[in-house]
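Here the structure is laid out as structure tokens; the discussion comes afterwards.
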Amino acid sequence: MYIAELLPAAERSRYLELREFLQSRIRAASIDYWNREEFPFSLVAEMGKYGLGGLQTDGSSQLFKGLMYVEVARADVSLSALVGIHNELIVGMIDQLGSIEQKRQWLPGLTALTQLGAFALTEPDHGSDIAGGLETTARLDGGEWVINGAKRWIGAGTIADFALVWARDLEDGQIKGFIVETDRPGYSAMKISNKIGLRIMQNADITLSEVRIPEANLLPGATDFSKANSLLRDSRAWVGWQGAGIQLAAFDVGRSYSLQRKQFGRELARFQLIQQQLADMLGNATASLALMVQLARIQDEGKLEMAQAAMAKATTTRLARSTVAMGRSILGGNGISSDFEMAKLFGDAEVLYTYEGSYEINSLIVGRAVTGKSAFT
């Protein structure tokens, strides 16, 4: 549908260069790391050299940034999660809400992907209801903040240089954002293993026990939870791009397999049912992309609202679930082995459907917007 041609010439050239790098270098190399649930530090370093750690601050258009999220997801969904969270929530939060000193200290390493942060919001007992239920606490004591609590499902929690921890200030009851370096006494992180998807992403259970940080580690722009709303809205929109990218990956794998695999003396691609599934897969992916292109336009115009981001995320991830299921069907028995890629995509799609607000929660956000009635409680 000529979507890449909507980019200015310089961005289109960069897009094509990065797409080639991601397909030729990252896609195949990621499979073994995914199987072993291991983080590919060397691959991430290469991605940093291509500027994927600085999409949030390099002046790129929303469309270019979104298409980059698509292409990283098309190569590996786990690494697209890292790139998206890194840009939208880590770099974005420090750039928009941090002090001059915090920006000076952290942004150079973050944008080069030589340093990583973790966004620590979700807790063991609070996910969808985190705004009202957050239990992690912070108290000011002798010029230092003392943080206590637990976080769960925190991406890069075991490997990050710092965590952006959201905690409730015991003094005024407000939820605030803090930079907590991961080498501080009292910070511990344990990898969550045996996941069916996003196996490269090192999700963690984090425990914060009397962790003391300087008073200056409070982000001055994150002194109440409302300050995070725009970041969370944009992050939800980013998952919509992932939903489009994983569908293109599934189509790529399914098409290639159908042209190579022979049954009954001819290629699978010659059978009507296979062509029907390929056409539906590409239609789903293209519809998702078209939705996200429109979302990028209104985002550039400053019109994006949470309901629109929620609708985009819910829709593209719902379609992604359907698309990868068709792809798995095309591969038959080989569709359950990650050696053939589709099983890897099948597992990853389940995570996209669930994180950054589950499908059901995002649907209810849309429902509230169109009816004026909240169904959350």
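We did not get these values from a lab; they are worked out from the coordinates using the rules stated. Remember, predicted model here, so these are calculated numbers, not experimental data. Note: ideal-geometry Cβ built from the backbone for every residue, glycine included; neighbour counts use all protein chains shown.
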**Prompt:** P(r) for the chain: what percent of alpha-carbon pairs falls in each 20 Å bin, starting at zero?
**Reply:** 29, 57, 13, 1
**Request:** In whole angstrom, note down how far apart the Cα centers of segment 317-377 and segment 195-241 are.
**Result:** 22
**Asked** From the backbone phi of segment 241-250, what are the Karplus-calculated ³J(HN,Hα) couplings (6.51 cos²θ - 1.76 cosθ + 1.60, θ = phi - 60°) in whole Hz, Gly and Pro given as x?
**Response** 5, 4, x, 6, x, 5, 5, 5, 5, 5
**Request:** Please give, to one decimal in nm, the separation of the simple spin-label points placed at R212 and S24, each 7 Å out from Cα toward the Cβ.
**Result:** 5.4
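What does the charge count around E11 come to, taking other residues whose C-beta lies under 14 Å from its C-beta (Lys +1, Arg +1, Asp -1, Glu -1)? Can you show the working numbers first?
Working: positive: R12, R14, R19, K65; negative: E5, E17, D58, E71, D300.
Here the count lands on -1.
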**Request:** For the pairs K65/K373; K176/K303; K103/K344; K176/K313; K195/K303, note any where the Cα-Cα span goes beyond 32 Å.
**Result:** K65/K373; K103/K344; K195/K303
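State, to one decimal in nm², a quarter of the convex hull surface area for the C-alpha atoms of segment 246-321, i.e. the direction-averaged projected area. Present the calculation step by step, with values, prior to reporting the outcome.
Details: hull surface 21.3 nm².
Projected over every direction and averaged, the Cα hull of segment 246-321 covers 5.3 nm².
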**Prompt:** When only C-alpha pairs under 8 Å and at least 6 residues apart count, what is the relative contact order of segment 178-219, in percent?
**Reply:** 53
**Request:** Between R36 and S337, with labels modelled 7 Å along Cα→Cβ, what's the label distance in nm to one decimal, could you check?
**Result:** 2.0
**Charge context of S24, other residues only, Cβ under 14 angstrom, K/R +1, D/E -1** = -2
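Can you tell me how much longer the chain between Q96 and L140 gets when fully stretched, taken as 0.36 nm per residue apart minus their C-alpha distance, in nm with one decimal? Can you show the working numbers first?
Working: separation 44, 0.36 × 44 = 15.84 nm, distance 2.37 nm.
The span from Q96 to L140 would gain 13.5 nm if fully extended.
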**Message:** For the pair A45/L170, report the inter-label distance in nm, with labels modelled 7 Å from Cα in the Cβ direction.
**Reply:** 4.3
**Request:** Please turn the phi angles of segment 156-172 into ³J(HN,Hα) values with the Karplus equation 6.51 cos²θ - 1.76 cosθ + 1.60 (θ = phi - 60°), one per residue in order, whole Hz, x for glycine and proline.
**Result:** 6, x, 8, 10, 6, 7, 7, 10, 8, 9, 9, 9, 8, 5, 5, 6, 10
**Message:** Give me log10 I(q)/I(0) at q = 0.18, 0.22 Å⁻¹ for segment 146-244, Debye formula, one equal scatterer per alpha-carbon, no solvent.
**Reply:** -0.95, -1.22
**Message:** Tell me which of V211, N229, Q263 sits at the most positive position along the dipole axis of segment 204-284, charges placed on C-beta atoms (Lys, Arg +1; Asp, Glu -1).
**Reply:** Q263
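Taking the inverse of the average 1/r across all pairs of different Cα atoms in segment 219-377, what Kirkwood radius in Å do you get? Please report the intermediate quantities before stating the final value.
Values: mean 1/r = 0.0591 Å⁻¹.
Answer for segment 219-377: a Kirkwood hydrodynamic radius of 16.9 Å.
Treating only the Cβ atoms of Lys and Arg (+1) and Asp and Glu (-1) as charged, compute the dipole magnitude of segment 74-140 about its Cα centre; round to the nearest 20 debye.
On the way: 4 positive and 8 negative charges, 69 e Å.
With Lys and Arg at +1 and Asp and Glu at -1, about 340 debye.
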**Asked** FRET efficiency for T354 and A9, Cβ-Cβ distance as r, R0 = 41 Å, nearest 0.05?
**Response** 0.60
**Message:** What translational diffusion coefficient, to the nearest whole µm²/s, does segment 25-143 have by Stokes-Einstein, given a Kirkwood radius computed over alpha-carbon pairs, a temperature of 4 °C and 1.567 mPa s viscosity?
**Reply:** 81
**Request:** Hey, could you get me the Stokes-Einstein D for segment 73-215, Kirkwood radius over alpha-carbon pairs, 20 °C and 1.002 mPa s, rounded to whole µm² s⁻¹?
**Result:** 139
**For the chain, built as a Gaussian network whose Cα springs stay under 10 Å, the top-fluctuating residue of G254, G367, G127** = G367
**Complete:** Other residues with Cβ under 14 Å from the Cβ of S337 give, with Lys and Arg +1 and Asp and Glu -1, a net charge of 0
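Could you work out the percent of alpha carbon pairs in segment 1-76 separated by over 17 Å, rounded to a whole number? Can you show the working numbers first?
Working: 1270 of 2850 pairs.
When every Cα pair of segment 1-76 is considered, 45 percent fall beyond 17 Å.
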**Message:** Using helices alone, I'd like the mean residue ellipticity at 222 nm for the chain: each DSSP H run of four-plus residues gives -39500 (n - 2.57), total over residue count, nearest 500.
**Reply:** -16500 deg cm²/dmol
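Rounded to the nearest 20 debye, what is the charge dipole size of segment 246-358 about its Cα centre when +1 sits on each Lys and Arg Cβ and -1 on each Asp and Glu Cβ?
Dipole of segment 246-358, to the nearest 20 debye: 440 debye.
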**Request:** Using the charge dipole of segment 1-128 (Lys, Arg: +1 at Cβ; Asp, Glu: -1 at Cβ; taken about the Cα centre), state which of Y33, T57, A4 has its Cα farthest towards the positive end.
**Result:** A4
**Prompt:** Any idea what angle helix 359-371 forms with the longest principal axis of the chain, computed on alpha-carbon atoms, 0 to 90 degrees, nearest 10?
**Reply:** 80
**Request:** Quick one: dipole size for segment 1-111, taken about the Cα centre, charges +1 on Lys/Arg Cβ and -1 on Asp/Glu Cβ, in debye to the nearest 20.
**Result:** 120
**Asked** Can you list residues whose amide H is under 5 Å from E123's amide H, if they're 5+ apart or on another chain and H is modeled 1.01 Å from N?
**Response** R152
**Prompt:** Within straight cross-link reach of K151, meaning Cα distance under 12 Å, which aspartates and glutamates are found once same-chain residues fewer than 8 apart are removed?
**Reply:** E123, D125, E135, D205
